[in-house]
Each structure stands twice: as structure tokens, then as C-alpha cells.
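Student: I'd like to ask some things about the structure below.
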Amino acid sequence: MMQRVFKRTLATVYSGRPITAPVVEGFPGAVGNTPLIRLKSLSDQTGCNIVAKAEFMNPGGSVKDRAALWVVKDAENHGLLKAGGTVVEGTAGNTGIGLAHVCRARGYKCVIFMPNNQSQEKIDTLRMLGATVYPVPVAPFTDPANYNHQAARYAASLENAVWTNQFDNIANTQAHIESTGPELRHQIASRGWKLDAFTCATGTGGTLAGTALYLKESAAKTKVVLADPPGSVLYKYMKEGKLERTGDGSITEGIGQGRVTENLKAALDQGAVHDAVFVPDEESISMVFRLLHDEGIPVGASSALNVVAAVKVAEQLGEGHTVATVLCDGAQRYASRLFNKDWLVSKGLYDAVPEDCRHYIK
Ligand code: PMP
């Protein structure tokens with residue numbers, strides 16, 4: 001018996017599967033270097049390679065760990081944050097969670113202002129990580145009561161505190177120029193593919209802008225497509241130059257914008273974003289369940305929206321192309337909503353859940 005176990009262990013080591021996972025230094029060292037997952041069912045369906053960065057595998061559980069680390073390093077480098085200081089941010093939750101981890105690792109306090117329509121799971125996670133959380137009523141960016149302006153004022157009222165300002169702080173875009181972009185390029189090249197298109201939704205715009213700017217330099221032929229949910233102005237802005245909403249609102253958390261942030265502007269000014277697609281919530285919800293049921297990958301609605309956009313672009317391009325996107329975070333962060341029949345019914349989205357997936361819902 002012992003011998004069989006031993007042989008099996010050796011077989012695992014020598015099976016030819018490359019062991020690439022590095023040894024890293026603390027939480028910050030574990031950020032990034034996420035796998036690129038080829039989505040088999042959707043690749044088969046489209047005749048393309050549909051591939052997605054598994055950002056839910058970041059140590060804080062989302063793509064925003066990258067931005068969180070970069071904005072804190074930027075504040076430190078500019079002398080804005082000293083030992084024992086406080087990081088203050090306005091966030092839909094994921095940046096806050098990334099910041100709360102980084103703050104614990106670096107000995108800072110963390111204070112988060114977030115709109116009070118976000119999932120309870122994100123608030124609970126933030127509090128578990130020791131952050132002080134202020135859920136505030138939803139208000140547009142033009143209103144001084146908006147969660148970002150509250151964060152800015154709070155930071156200004158404290159000694160040794162910094163408002164990391166993820167929406168307009170270019171260190172956020174820089175995170176993706178220095179990490180997501182190069183990782184994607186390396187992963188695509190390692191399979192001998194050519195990256196034909198990249199699709200990505202926008203909250204702050206950091207993920208889209210940084211990756212797009214890196215691709216512009218390194219893979220100029222890649223078509224970069226902004227994926228937009230209902231209630232956001234960016235689809236019409238890309239198509240018609242108008243800051244006008246398409247549709248009312250969306251259940252997708254963390255994405256959709258009412259303005260052109262400095263991060264997004266950095267990429268638009270360089271002509272690094274070429275097109276946009278609009279994705280209704282019904283399609284995002286349906287894809288949440290398709291990814292879970294067909295691929296075993298539970299993701300949040302923004303990830304699903306990104307994948308819907310990747311499939312649409314692949315269908316436009318035709319067979320034989322490679323389209324990449326981003327799986328921003330995991331479904332666990334939204335379990336009380338996406339997997340709850342009452343909630344889905346209240347949003348008019350229960351019928352969007354594919355019939356063969358209804359058993360996932362309580
Ligand atoms: N998806 C989720 C779940 C998010 O929390 C965010 C960030 N708010 C995004 C996507 C968008 O990322 P970015 O801020 O880089 O545009």
C-alpha cells in the first residue's frame with residue numbers, strides 16, 4: 001500500500017505538468033500571476049479560443065487586489081502614507097477588500113465608504129479584515145454625499161491618512177500596465193496564439209485602461225472592446241460620443257459608470273480602446289449559470305458580462321480567433337443575491353436563469 005502511494009506521488013511530480021507556482025513574500029507577493037483559463041464550452045461553441053484571467057484567484061478574491069496594492073505603494077512612494085497611517089477609500093467593495101488585506105499586511109488602518117446597495121458578503125468580508133465600513137446612501141458623483149466625496153473629506157480630516165482615489169488615480173491603471181497586461185501577453189504567447197481581441201467592463205476603468213495600454217504597445221493589432229452594463233454611459237460614449245445612459249440600472253456590481261474617469265481617459269486619449277458592446281442583465285445572469293454549470297467556474301455578474309462580451313466579439317470575428325477577458329471575482333461574494341430566487345424574482349431576472357440551472361437557486 002505504502003509503495004503505491006509513493007509511486008503515485010512520483011507520478012504526480014513527473015507527470016509533465018509544469019509546476020509554475022512561485023514562493024512569494026506575504027499578501028502583496030501573492031497578488032497577480034493568475035491563471036488564464038480556456039473556457040472549453042464557449043470555445044467549442046464559437047470555434048474560437050475564449051480565454052479569461054482568473055482574477056478570483058487573487059489572494060483577496062478579486063481583480064481589485066492589483067489596484068489596491070499599486071495605490072498603496074504609490075501613496076508610500078509619494079510620502080503620503082507613513083507607519084501607522086490610515087487608508088481611506090470609496091469602493092463598491094472589492095478594492096476595499098484588497099486594501100483591507102494590504103493594510104493588515106503593512107500595518108495601516110483601513111476605512112471604507114461604500115454605497116449601501118452592495119452585497120452583504122462584501123461588507124462582512126471587509127469587517128472581518130478589520131476595516132471600518134461606512135455604507136452610505138447611493139448618490140451620483142455630482143452630489144457631495146456620493147461615497148467617494150465622503151471618503152475624500154474623511155481622509156482630509158485625519159492626520160497621516162490618504163484617500164487612495166481609485167477612480168482618478170492613475171496608479172490603478174499602472175497596476176494593469178505592469179501586471180495584467182504582461183501576464184496576458186506571456187500566457188497567450190506560451191500557447192502560440194495571437195490575441196485578436198480583449199473585452200473588459202469598466203468600474204474605475206483601471207483594468208481596461210492598463211491592459212489596453214499595454215496591449216497597444218505590445219500587440220497593436222488586438223481589438224480592445226469595452227463591455228458595458230445597463231445604466232452606464234460608456235457604451236453610448238464609445239459609439240456616439242454622448243455621455244448618455246443606456247437602460248436604467250444593473251444588478252452587476254462594481255461596473256458601469258456615469259462619467260469618463262481619469263483611468264479610462266488615459267486609455268481613450270491614446271486610442272487604446274476600439275469599440276464597445278452593451279450587455280443586458282439577462283445575458284449576464286444567464287452566463288453566471290452557464291459558467292457554473294458547464295465549466296464549474298462560479299463567478300460574479302461582472303465576470304459573466306465580460307464573458308458574454310467576449311463571445312459576442314468572437315462571433316463577430318468568426319472561427320479561429322482568440323478572445324481574452326477577465327473573471328473579476330467569484331460568485332461566493334454574491335451568494336445571497338445571485339443564488340436566491342426571491343432576489344432574482346424581485347429584479348425580474350429569474351426567467352433569465354437557464355432551465356437546466358434552476359436547481360442551483362434556493
Ligand atoms: N468587477 C467587479 C466585481 C469589481 O468590483 C470591479 C471594480 N469596481 C470591476 C469589475 C471593475 O474593475 P475596474 O475598477 O478596474 O474598472
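Student: Show me, bin by bin at 10 Å from 0, the whole-percent P(r) of region 64-163 based on Cα pairs.
Tutor: 18, 52, 28, 2
Student: Rank the residues Lys53, Lys341 as a footprinting-exposure proxy: fewest other Cβ atoms within 10 Å of their Cβ go first. Could you put the intermediate results ahead of the total?
Tutor: Working: Lys53 28, Lys341 12.
Listing Lys53, Lys341 from fewest to most nearby Cβ atoms yields Lys341, Lys53.
Student: Report the dimensions of region 235-322 along its three principal axes from the alpha-carbon atoms, largest first, rounded to Å.
Tutor: Result for region 235-322: principal-axis Cα extents of 39, 33, 21 Å.
Student: Could you derive backbone 3J(HN,Hα) for region 195-209 from the dihedral phi with the Karplus parameters 6.51, -1.76 and 1.60 (θ = phi - 60°), listing whole Hz in sequence and x where the residue is Gly or Pro?
Tutor: Karplus-based 3J(HN,Hα) across region 195-209 equals 8, 7, 7, 9, 10, 6, 7, 10, x, 6, x, x, 5, 4, 5 Hz.
Student: Still on this structure, I have one more. Connecting C-alpha atoms closer than 10 Å in a GNM of the chain, tell me which of Ala220, Ala267, Ala100 has the biggest fluctuation.
Tutor: Comparing Ala220, Ala267, Ala100 in a Gaussian network model of the chain, the most mobile one is Ala220.
Student: Further question: Looking at the chain only, what percent of DSSP beta bridges run antiparallel? Nearest 5 please. Working shown, then result.
Tutor: Values: 5 of 35 bridges.
Bridges in the chain are about 15 percent antiparallel.
Student: Please list, in order along region 223-239, the HN-Hα scalar couplings obtained from phi with the Karplus expression 6.51 cos²θ - 1.76 cosθ + 1.60 (θ = phi - 60°), rounded to whole Hz, x for Gly and Pro.
Tutor: With coefficients 6.51, -1.76 and 1.60, one gets 7, 9, 10, 7, 9, 10, x, x, x, 9, 9, 6, 4, 5, 5, 5, 7 Hz.
Student: Which cross-chain or sequence-distant (5 or more) residues have an amide H under 5 Å from the amide H of Val136, H modelled 1.01 Å from N in plane?
Tutor: Amide H neighbours of Val136: Met114, Asn116.
Student: Using the Cα gyration tensor of region 122-235, with a ≥ b ≥ c the square roots of its eigenvalues, what is the shape: rounded (a/c below 1.5), prolate (a/b larger than b/c) or oblate (neither)? Present the calculation step by step, with values, prior to reporting the outcome.
Tutor: On the way: a/c = 2.44, a/b = 1.95, b/c = 1.25.
The shape class here is prolate.
Student: Helix-derived [θ] at 222 nm for the chain: sum -39500 (n - 2.57) over DSSP H runs of at least 4, divide by residue count, nearest 500? Spell out each step's value before the answer.
Tutor: Details: 16 runs with 153 residues, N = 362.
About -12000 deg cm²/dmol.
Student: Non-local amide H neighbours of Gly330 (under 5 Å, H modeled in plane, Pro and chain starts lacking H): which ones?
Tutor: Gly300
Student: Now a separate question. Going by C-beta contacts inside 10 Å, put Met57, Met287 in order with the fewest on the left. Could you put the intermediate results ahead of the total?
Tutor: Details: Met57 17, Met287 25.
Final ranking by Cβ density, sparse to dense: Met57, Met287.
Student: Largest first and in whole Å, give the semi-axes of the chain's equivalent ellipsoid, each being the square root of 5 times a Cα gyration tensor eigenvalue.
Tutor: Details: eigenvalues 181, 135, 100 Å².
Each semi-axis is √(5λ); the values are 30, 26, 22 Å.
Student: If you don't mind, another one. Quick one: which residues, 5 or more positions from Cys110 or on another chain, have an amide H under 5 Å from its amide H? H modelled 1.01 Å from N in the peptide plane, none for Pro or chain starts.
Tutor: Val87, Thr132
Student: Got a sec? How would Ser250, Ser119, Ser336 order by Cβ neighbour count within 10 Å, fewest to most? Numbers along the way, then the final one.
Tutor: Working: Ser250 21, Ser119 18, Ser336 12.
Ordered by Cβ neighbours within 10 Å, fewest first: Ser336, Ser119, Ser250.
Student: Can you list the HN-Hα couplings for region 122-131, worked out from phi with the Karplus curve (6.51, -1.76, 1.60; θ = phi - 60°), rounded to whole Hz and with x for Gly and Pro?
Tutor: Per-residue couplings from phi come out as 5, 5, 4, 5, 4, 5, 4, 7, x, 6 Hz.
Student: log₁₀ I(q)/I(0) of region 21-84 at q = 0.18, 0.25 Å⁻¹, via Debye over equal Cα point scatterers, no solvent, to two decimals?
Tutor: At q = 0.18, 0.25 Å⁻¹ the computed log10 ratios are -0.76, -1.02.
Student: So which cysteines of the chain have no other cysteine's Cβ under 4.7 Å from theirs?
Tutor: Cysteines of the chain left without a disulfide-compatible partner: Cys48, Cys200, Cys328, Cys357.
Throughout, read-outs are computed from the coordinates displayed, never taken from laboratory work. Keep in mind that what you see is a predicted model, and the values were worked out from it rather than measured. Every residue, glycine as well, gets a Cβ built from its backbone with ideal geometry; the counts of neighbours run over all protein chains shown.
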